[in-house]
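Report on one structure; see the data block that follows.
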Amino acid sequence: MASKSCVVFVPTPGMGHLIPLVELAKKLVFNHGLLATFIIPSMGPPPKAQMEILESFPEGINYILLPPVSFSDLHDNTKAETRFFLTVSISVSSIREAVSSLAASNRPVALVVDLFGTDVFEVAVEFKMQKYIFFLCSGMSLSSVFYLEKLDKVVSCEFRDVPEPFQIPGCRVLVNGRDLPDLVQDKKDDAYKWFLHNAKRYYLSDGILLNSFVDLEPETVQVLQKGEYGQPPVYAIGPILHSGSREGFDESECLKWLDDQPRCSVLFVSFGSGGTLSLEQLNELAMGLELSEQKFLWVVKSPDKSANASFFSAQSSKDPFDFLPRGFLDRIKGRGLLVPSWAPQIQVLSHTSTGGFLSHCGWNSTLESIVHGIPLIAWPLYAEQKINAVLITEDLQVGLRPKVNENGLVGREEIARLVKALMQNEGEASNIRQRINKLKEAAVRAVGNEGASTKSLKEVVDKWKNKQK
């Protein structure tokens, strides 16, 4: 019996990177008859949440955990992005061994890496596999990667100091330098050097899979597909998201609480698996939610000076409720529910009681909000989240963005103002709801049987299969 074609996935650390790759793998296995194997570089023992995902893989998807890399020679303040790049780069020889053992029983036809994994391409060449990038962010972010590589040659100062906004090809709105991704904001930092190294290697791929869809970013996708930068073909195959159901979560306290709330009355507040706030900002948010007099469900984490402090663990380091203003829990009883560290986000966003989402603007969360037709308060923290906030509020116009005060904080009055406006459907909020519902319908069409994203993915799969004939 002939062995099946297998797609090899190499994710970089972080749940936000792993989950979309797993969902893509499921589509390849269930809809296209392929096998999938995850080869997973790591920085240390895998977090519990990651192991739960790996151990729940359906038949046809396997995984290989690689030995952890050592970072004993890195400074404590080394950026997360540098650690991502290094984790993959140091693991190349281990990945080679894993692919070699895999090739003995299956036919590895394609390698799919995420946006930090291009150093693995040399393994794909060695084993005659097609090499693809699954770009886990927006089309605007992808265009900015190619644009910034060119901009690096002509802008001598830091991008945040450029007085005029940038026109990224294919994007309908201008982007300020301060809203470009964190890893390009310090040209002297190793993260920036790794960014340029990686961006140049994008051109070595056979194609780029984009977790967006044509109707969401029509002009940007068109420019990317025309090869504006001379880059490989770009395939918009999104939205690819975790397909959640209530099964397994029926006993969740927050879902039971939502069941008792009026339709569209609750604001969901969550900064994702990695996002954290400072103590001062945590208190302003608490007081702002209280002042708004609106219902809310808040996923609370203990404060930290670093905005992405829980990126690798997704859990609070301490009891987050200990840091809230005195008397806060008593004053919001019945109107607000606080959940420590984590909540079943898909189930919350799909609940009829949820009417708004105060989000860090991670791309997974943004797509989940759009797919469920939930308007946003866009509160970016790190990585590419600021550019996502620009897309959400200025281009798509499906969210409101709070203003930061002179102390670098979003004040309680500003928070209360936006929460009230969104949840009471005041002013622009009504138009925002109409726009996001249209995008919700477009997202459903894109991944339907005859949808543009479905056809794009089939085109790629056909290339992978035909290469073996």
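The values are calculated or read from the model by the stated rules, or taken from the named source; none is laboratory data. Owing to the predicted nature of the structure, the values given are computational and were not obtained by experimental measurement. In this analysis, Cβ positions are derived from the backbone assuming ideal geometry, glycine residues included, and neighbour counts consider all displayed protein chains. Remember, those area values only see protein heavy atoms, side chains included, never the ligands or the DNA or RNA. Shrake-Rupley method; radii C 1.70, N 1.55, O 1.52, S 1.80 Å.
Listed values, structure above:
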| quantity | calculated |
| --- | --- |
| Extension gain, E228 back to F30 (0.36 nm per residue minus Cα-Cα distance, nm) | 67.9 nm |
| Residue-level accessible surface for R96, protein heavy atoms, 1.4 Å, Å² | 60 Å² |
| The chain, relative contact order [Cα under 8 Å, separation at least 6], % | 14 percent |
| Per-residue HN-Hα couplings for region 286-301 [Karplus 6.51, -1.76, 1.60; θ = phi - 60°; Hz; x = Gly/Pro] | 4, 5, x, 5, 5, 5, 5, 6, 9, 6, 8, 10, 10, 8, 9, 10 |
| Residue pairs, from the table K386/K467; K26/K48; K386/K438; K26/K440; K26/K438; K200/K301, whose Cα atoms sit over 31 Å apart | K386/K467; K200/K301 |
| Projected-area mean, region 162-233, by convex hull of Cα positions, square nanometres | 5.6 nm² |
| Cleavage-rule hits, trypsin sites (Lys or Arg not before Pro), region 1-64, DSSP coil, Cβ neighbours within 10 Å at most 15 | K4 |
| Antiparallel content of DSSP bridges confined to the chain, in %, to 5 | 0 percent |
| Residues of the chain: accessible area per residue with a 1.4 Å probe, Å² | 42 Å² |
| Per-residue HN-Hα couplings for region 456-462 [Karplus 6.51, -1.76, 1.60; θ = phi - 60°; Hz; x = Gly/Pro] | 5, 5, 4, 4, 5, 4, 4 |
| Chain lengthening between S100 and L174 when straightened (0.36 nm per residue, less Cα-Cα) | 22.0 nm |
| Extension reserve of the D186-N77 stretch, reckoned as 0.36 nm per residue once the Cα distance is removed | 37.9 nm |
| 10 Å Cβ shell holding at most 12 others, DSSP loop, GluC sites (Glu not before Pro): longest site-free stretch of the chain | 60-246 |
